[in-house]
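Every number here is computed from the coordinates shown, using simple stated rules; none is lab data. Quick caveat, the model's predicted, so the values are computed rather than measured. Positions of Cβ are generated from backbone atoms using ideal geometry, with glycine treated the same way; all protein chains shown enter the neighbour counts.
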Amino acid sequence: MTVRLTRRPGLPPPTSGAVRRRAERLLCLLNLEDRELSILLTGDEEMTELNSSWRGRKRTTDVLAFSQMEGEQGNAKQRLLGDVVICLPQAIRQARREHCRPLTEITLLLVHGTLHLLGYEHVGAGRKAAADMRKEQKRLVSLIEGKKSNA
């Protein structure tokens, strides 16, 4: 398994090592030890540029996922799952609102983005698909955080 993590300079904690370990645990839980995942930890400015370029929304967002298994060049058997881009300042703001640790919020975003890479959807996919994604997201975050899951 390969987790390629890039962290832009000047960003607040947590450490890249903590995020990498959680990504590796996630790939194990998903039985994707033979796959590669790319993660970018970035700030608001770059995330706003990416969100504007790829989604037409000129504002920051918490997570973006770019699958290598979809689209014209996509290949479901490819080793590289894709890229998960997490905006650390946005994750920290959300953690404060949710009264949780920043690393917990980052874990949730990592899981959310990875599930998108695997084809899960929640927007415009219908209630059942959205509920399935939420349930799987909750289960995985609980396991990574070391808590029992009710899912």
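Given H placed 1.01 Å from N in the peptide plane, which residues other than close sequence neighbours of ARG4 have an amide H under 5 Å from its amide H?
Distant-sequence amide H within range of ARG4: LEU37, SER38, ILE39.
Only sites in a loop by DSSP and with at most 14 other Cβ atoms within 10 Å count here; which trypsin sites (Lys or Arg not before Pro) in segment 87-151 make the cut?
LYS147, LYS148
Tell me, HIS99, HIS122, HIS116 in order of fewest to most beta-carbon neighbours within 10 Å?
HIS99, HIS122, HIS116
Could you run the Karplus curve 6.51 cos²θ - 1.76 cosθ + 1.60 with θ = phi - 60° over segment 38-47 and give me ³J(HN,Hα) per residue in whole Hz, x for Gly and Pro?
Per residue, the Karplus-derived 3J(HN,Hα) values read 10, 10, 10, 9, 9, x, 4, 5, 5, 5 Hz.
Could you pull out every residue, at least 5 positions away or on a different chain, whose amide H is within less than 5 Å of the one on LEU80? Hs are placed 1.01 Å off N in the peptide plane, and Pro or chain starts have none.
Placed amide hydrogens put GLU36 under 5 Å from LEU80.
Once you compute Rg and the Kirkwood Rh from C-alpha atoms, what is the Rg to Rh ratio for segment 2-145?
In segment 2-145, Rg relative to Rh is 0.94.
Exposed loop sites here are GluC sites (Glu not before Pro) in DSSP loop states with at most 15 other C-beta atoms within 10 Å. What is the longest stretch of the chain lacking them?
73-120
Can you list the HN-Hα couplings for segment 52-58, worked out from phi with the Karplus curve (6.51, -1.76, 1.60; θ = phi - 60°), rounded to whole Hz and with x for Gly and Pro?
5, 5, 9, 10, x, 10, 8
Quick one: order LEU88, LEU32 by neighbouring beta-carbon count within 10 Å, fewest to most.
If I rank by nearby Cβ atoms, fewest first, I get LEU32, LEU88.
To make sure I understand, if each residue's beta carbon is the centre and we count other beta carbons within 10 Å, what order do MET133, MET47, MET1 fall in, fewest to most?
Lowest count first: MET1, MET133, MET47.
So what is the relative contact order of the chain, in percent, for Cα pairs below 8 Å that sit 6 or more residues apart?
About 21 percent, as a whole number.
Suppose every K and R has +1 on its Cβ and every D and E has -1 on its Cβ; what is the size of the dipole of segment 2-145 about the Cα centre, in Debye to the nearest 20?
Its charge dipole is roughly 420 debye.
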